[in-house]
Amino acid sequence: MQTTPETRARMSKQKSHNTDVEMALRRALHAAGLRYRVHRRPLKKVRREADVLFGPAKVAVFVDGCFWHGCPEHATWPKNNADFWRTKIEGNRLRDRNTDELLTSAGWLAVRVWEHEDPIEAATRVQRLVMARRTKVPKGASP
Ligand SMILES: [Zn+2]
């Protein structure tokens with residue numbers, strides 16, 4: 001297929017780690033006193049990596065690029081090789097939903113942050129979710 005500089009720029013961004021949004025989000029979470037791990041698989045057997053993980057709380061955060069994950073606000077559908085891109089992006093979206101379902105059924109909470117989101121607001125959202133899940137007393141635990 002024909003690749004334009006625009007296309008190559010997009011492709012080089014795929015699955016990139018440590019993007020600006022991700023770093024800003026991590027800094028904000030760290031500043032809020034939260035500790036986490038990065039770029040790990042929440043489920044060992046499932047080859048899907050989360051960007052930020054909170055082990056005991058079982059919260060997995062994914063920072064999704066607007067283009068690759070078909071953000072409803074910023075999705076752009078390239079005209080060149082339209083079918084290729086549509087299949088690719090729709091495939092990513094299906095995979096994301098599937099990942100969320102796998103995590104949910106394993107007791108995890110999948111949190112998706114769009115790259116266009118304000119990292120501080122996203123961090124606040126993540127922090128609330130983590131705190132809420134931490135305060136839950138596990139079944140069978142004595143108070
Ligand atoms: Zn977006």
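The values are calculated or read from the model by the stated rules, or taken from the named source; none is laboratory data. This is a predicted model, so every value here is computed, not measured. All Cβ positions, glycine included, derive from the backbone under ideal geometry; neighbour counts span all protein chains shown. What goes into the accessible areas is simple: the full protein's heavy atoms, side chains included, and nothing from ligands, DNA or RNA. Shrake-Rupley method; radii C 1.70, N 1.55, O 1.52, S 1.80 Å.
Worth pointing out:
- Under-5 Å amide H pairs with TRP114, H placed in peptide plane, nonlocal only: ASP64
- Kirkwood hydrodynamic radius of segment 78-119, Cα pairs, Å: 12.2 Å
- Overall dimensions of segment 20-143 by Cα: Rg and Dmax, Å: 16.0, 61
- Per residue accessible area in Å² of segment 37-143, where ligands, DNA and RNA are left out and the probe is 1.4 Å: 62 Å²
- Backbone amide hydrogens, once placed in the peptide plane, bring ARG40 within less than 5 Å of ALA50, excluding anything fewer than 5 places away on its chain.
- When each of the peptides 57-66, 105-114 is scored by how many other beta carbons lie within 10 Å of its residues on average, the order from highest to lowest is 57-66, 105-114.
- 27 Å Cα cut-off, lysine pairs counted over segment 42-114 (separation 8 or more, or different chains): 5
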